[in-house]
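What follows is a short report on a single structure.
The values are calculated or read from the model by the stated rules, or taken from the named source; none is laboratory data. Fair warning: this is a prediction, and the values are worked out from it, not measured in the lab. Positions of Cβ are backbone-derived with ideal geometry, glycine not excepted, and every protein chain shown enters the neighbour counts. These area figures cover heavy atoms from the full protein model, side chains too; ligands, DNA and RNA do not enter into them. Shrake-Rupley method; radii C 1.70, N 1.55, O 1.52, S 1.80 Å.
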Amino acid sequence: MFELRRNRALRGTAAALVMLALTWAAPTLLYGKKKKEEAAPAAAAPVNVPNFREVVVFPPPPAITRLRYLDYFSAEKPPAGLPKEKLKKTWMDRMAGVSPDSVKGGALKKRFQLLAPYGVAVDSKGRLYVADTKVGAIFIFNTENNDVELIKHGTDGRFGQIFGLAMDDNDRLFVSDGALHHVLVFNAGHKVEASIGDGDLKDPSGLALDLENRFLYVADTELDQVLVYDADNYKLLRKIGTAGKNHTLTEPGDFAKPTNVAVDKDGNLFVSDTWNDRIEVFDADGGFIRTFGKNGDGPGDFARPKGIAVDCDGHVWVADAMLNRIQVFTPEGGLLLAFGGFGILPGQFQALTGLAVDKFNRVFTAEQLLGRVQMFRYVTNAEAKAELERRQAELDKRAQEKRAEAEPPADVKPPQANEASATVDASAAPERRGMKLPDAPVMPAPTSAAPK
């Protein structure tokens, strides 16, 4: 009997082990189709991507919008016919640094991407030009479809370390090169036609063009000066600031590491005096006008101002490299708007440097750490005024509709008093009972001491 029970127990244990092994090896053998259906992953919920053009606006509602986010640019598009499946690398490929493209035969082209964008400019067709100091090339973005072409080092020109860009009314492109100590001029076909400042410049950075007076302004961070050239014959006209003081000058009219320049419609020059954390203003003859701003992180303060631009209404836009924000001022230095902050989202910045406002009222900002250029739309004074008038008209219309609802129709007479209730009982009349009604009280005349 004992042997019988022992054999049954062994057989039961063996059967259980077999079932457990089958379960581990192939669960579908045990649970069949039902288990397979339960294991199927649930459909992913749709991702609700916000419309940043409607969300990222400054100032926020209910105030009238003065700036709206549009788009950003960072790299050229993938080549046509790129396979949708993600190419994988083995661990040996990763150790050897071999790309999956080369494993597959090297058919896919490597894309160019912004690494450290600085100067930005826009041509007459609305195309965006971006100088990248690390790539050593000028990216040309089509802002409508994101197509990209490049002005390359060694192919279209010779670059050392390019910074500033400026575009004239004939689509001539001016490019400052700090390593080669000059400014190159490209014609509309992107061919080099001149070199400016050889022997004069040491570390040219930001550029600006006065198209009315035909001046080219070059901020030289090493000389602590702004050099003024004739924009047509490229002759040096004058220098603003004092050189040779090793970036220690703080007096108005002098600079410590000036980085960028901008010109308004009246020919006034605005200079980012970066190490002095201020903006200096000069007239078209180089005469000092005013300065505004100081070191700090409060409203209107700066911590390494760099990019600077002037919009169609004369507002001065200043990009702050350390505070990662943009502030908008009146020409006299009155703060109008501030936005930004450190981050990766639209409207946030990291190492903000370049800044430009084009004739289409688009604002472009270049960030070196994120390697991107953001594009915004500036709402002009005229557009803001029209929006204010539209809102006021809408409020007036609503108020008129409410008054119309409260007033009775013109053909309806107001209710009359009940004649029966209005009739005075003769027996109750005071005169009929010999009572005399008191005279109506008379309000005293106001004295001179009474409040008005």
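Accessible area per residue for the range 226-338, computed on protein heavy atoms with a 1.4 Å probe, is 40 Å². When the Cα centres of the range 341-413 and the range 231-252 are compared, how far apart do they sit, in Å? Answer, in whole Å: 40. For Leu180, the accessible surface of its heavy atoms amounts to roughly 40 Å² (probe 1.4 Å, protein chains only, rounded to the nearest 10).
Sorted by packing (mean other beta-carbon atoms within 10 Å per residue), highest first, where do 268-279, 310-321, 240-251 land?
Packing proxy ranking, top to bottom: 268-279, 310-321, 240-251.
Volume per residue for the range 156-244 equals 80 cubic angstrom (convex hull of Cα atoms).
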